[in-house]
Amino acid sequence: MKCFNFSNKEKNNEQRAIQSNSVRSTSTSISTDLDLKPFGSEFNSQNVLEFSTASSAKSFAILSQRQSNLREFTFSELKAATKNFSRTLMIGEGGFGGVYKAVIRSTDDLHKKIDVAIKQLSRRGLQGHKEWVTEVNVLGVVEHPNLVKLLGYCAEDDERGIQRLLIYEYMPNRSVQDHLSNRFRTPLPWGTRMRIAQDTARGLAYLHEGMDFQIIFRDFKSSNILLDEQWVAKLSDFGLARLGPSDGLSHVSTAVVGTIGYAAPEYIQTGHLTSKSDVWSYGVFLYELITGRRPLDRNRPKGEQKLLEWVRPHLSNLRKFELILDPRLEGKYSLKSAQKLAAVANRCLVRQSKSRPKMSEVLEMVNRIVETTDIGSPLPPMKILAPEDDFIESKRERLKRRFVDPIIGERGCLNWQTWRPKSVNTF
């Protein structure tokens, strides 16, 4: 396959970009969590991005010899498919740029048209370029039913500037985070949440143990879990992924990245990255499915803002445990399976990373819970909205995205010079 690397000019440009006051997230969904922060830190942030572009590209050089089925699109093709990147077709937006719904002709059958999501990197600098390269290099060779499929890319440089785009399969049922929030009136049924827990565990287990090399996802969270038309959950946004440690090494040393609230405590403290960092994030996500709450929510009362701290005293007995179940479920859940899922989460959230189970072991535990639980029939496909209605931001969300803070910076992204990891409270 074509493995993308960086020229010296790009690296020099990036060094200049490092001196700016803030960095932007590459998440494909609009986040309103502007005041997330490390456990115990005094500073707020949603994402903390690393700046080692060259090392990230080098870490995926191993993939360059593998066959890729990615299609290379021209910018004119994608411009036509998105009607010149019309805002009426925009279904998401982040610091990197916009995501557009479009229709293209299938590579396998030119008479067949398929829905796709096109992510366009902003041309206003190199922010997100490293993540774009990583995404192409990873998803160009990695394929699994629980990973969002990358169909192709566009990389053109001309008088109009740098054009970097990614073309994915379209996921009509949006992200798990969208459904756990109040964005949709109908909450995710308990059975669907169980299947999502199973799907995501299967996807992570494949990345960690299903190939002759290991990939650490590093940004596992509910907004990066998308749902297809049959409600199958798939991991998306691999821009922060890293290859696991080489033989004989226990970890990968790297700057702290990802979304605060999901990041493993030892990773925040030391920058030592292992697959067990993803296992911790998965444990947090299980409690998100159980409670319907985000890992950190400053809009809640002080004692309920940190999810893991809030659930801890409710785990001692059944009566207390019922109090943390998502009230939007209105009692329509299996209490026994919820308790078992919480027990799996607790195994993932052990303080010592070496004591956490591998994702293949986690998957086995979740499979046993699903097999012994009546989870009902899958949801019918969600009604496909018209493009102009597919993603409607509230006035409050628009205001939050414009928010500027002297510490956080524009769009709520951390001013990297001010952030220092502090002591970590573990679960």
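The values are calculated or read from the model by the stated rules, or taken from the named source; none is laboratory data. Everything quoted here is computed from the prediction, not taken from an experiment. Methodologically, a virtual Cβ is constructed for each residue, glycine included, from the backbone with ideal geometry; neighbour enumeration extends over all protein chains shown.
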Give the range 169-190 a look and list any residue that's surrounded by 21 or more Cβ atoms within 10 Å (Cβ to Cβ) and part of a helix (DSSP H, G or I), or say none.
Val176, His179, Leu180, Trp190
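Kindly check whether there is at least one residue in the range 274-287 that is of a type in the set (Val, Ile, Thr) and over 19 Å from Lys358 (Cβ atoms). Even if it seems obvious, please write down each step before you answer.
Restricting attention to the range 274-287, the residues satisfying the condition of being of a type in the set (Val, Ile, Thr) are 274, 279, 284.
Narrowing the set further to residues that are over 19 Å from Lys358 (Cβ atoms) leaves none.
No: zero hits.
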For the range 317-338, give me each residue that is crowded, with 16+ Cβ neighbours inside 10 Å and part of a loop (DSSP other than H, G, I, E, B).
Ile324, Leu325, Asp326, Tyr333, Ser334
Any residue in the range 291-304 that is on the phi > 0 side of the Ramachandran plot sitting within a Cβ distance under 7 Å of a residue that is of a type in the set (A, V, I, L, M) and surrounded by 14 or more Cβ atoms within 10 Å (Cβ to Cβ)? List the pairs, counting only those 6 or more apart or interchain.
Gly292/Leu180
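For residues in the range 265-288 being under 15 Å from the mean Cα position of the chain (by Cα) and hydrophobic (A, V, I, L, M, F, W, C), which is nearest to Val370 (Cα to Cα)? If you could, list the steps in order and put the result at the bottom.
Of the range 265-288, the ones under 15 Å from the mean Cα position of the chain (by Cα) are 277-286, 288.
Filter again for hydrophobic (A, V, I, L, M, F, W, C), leaving 279-280, 284-286.
Details: Val279: 19, Trp280: 21, Val284: 19, Phe285: 17, Leu286: 14 Å.
That would be Leu286.
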Somewhere in the range 312-335, is a residue out of contact with any strand residue (DSSP E or B) (no Cβ under 7 Å at 6 or more places or on another chain) and within 16 Å of Asp278 (Cβ to Cβ)?
no
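Considering the range 232-254 alone, what residues qualify as being assigned to a loop (DSSP other than H, G, I, E, B), farther than 24 Å from Gly97 by Cα and at pLDDT below 95?
Start the filter on the range 232-254 by keeping residues that are assigned to a loop (DSSP other than H, G, I, E, B), which leaves 232, 236-241, 244-251, 254.
From the residues that got through so far, the ones that are farther than 24 Å from Gly97 by Cα too are 232, 244-251, 254.
Once the filter is applied, which keeps residues that are assigned to a loop (DSSP other than H, G, I, E, B), farther than 24 Å from Gly97 by Cα and at pLDDT below 95, the range 232-254 yields Gly244, Pro245, Ser246, Asp247, Gly248, Leu249, Ser250, His251, Thr254.
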Pairing a residue in the range 314-329 that is free of Cβ contacts under 8 Å to residues at least 24 places away in the same chain with any residue that is surrounded by 12 or more Cβ atoms within 10 Å (Cβ to Cβ) and among the hydroxyl-bearing types (Ser, Thr, Tyr), where Cβ atoms lie under 8 Å and the two sit 6 or more apart in sequence or on different chains, gives none
Conditions: (1) under 21 Å from Val370 (Cα atoms); (2) modelled with pLDDT of 95 or more; (3) among the polar types (S, T, N, Q). Ser334 meets all but one. Number of the miss?
(2)
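Condition test on Glu143, is it surrounded by 20 or more Cβ atoms within 10 Å (Cβ to Cβ), at pLDDT below 95 and either in contact with an Asp or Glu (Cβ under 6 Å, 6 or more places away or on another chain) or outside any strand (DSSP E or B) (or both)? So that I can check it myself, show each step before the final result.
Details: surrounded by 20 or more Cβ atoms within 10 Å (Cβ to Cβ): no; at pLDDT below 95: yes; either in contact with an Asp or Glu (Cβ under 6 Å, 6 or more places away or on another chain) or outside any strand (DSSP E or B) (or both): yes.
When the stated conditions are applied, Glu143 does not pass them.
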If we ask which residues in the range 302-316 are surrounded by 14 or more Cβ atoms within 10 Å (Cβ to Cβ) and assigned to a loop (DSSP other than H, G, I, E, B), their number turns out to be 2
Which one is nearest to Gly92 (Cα to Cα) among residues in the range 163-190 that are touching a Phe, Trp or Tyr at 6+ places or on another chain (Cβ under 9 Å) and of a type outside the set (A, V, I, L, M)?
Arg174
As an exercise: evaluate Leu286 against (1) part of a loop (DSSP other than H, G, I, E, B); (2) of a type outside the set (D, E, K, R); (3) in contact with a Leu (Cβ under 7 Å, 6 or more places away or on another chain) and give the number of the one condition it does not meet.
(1)
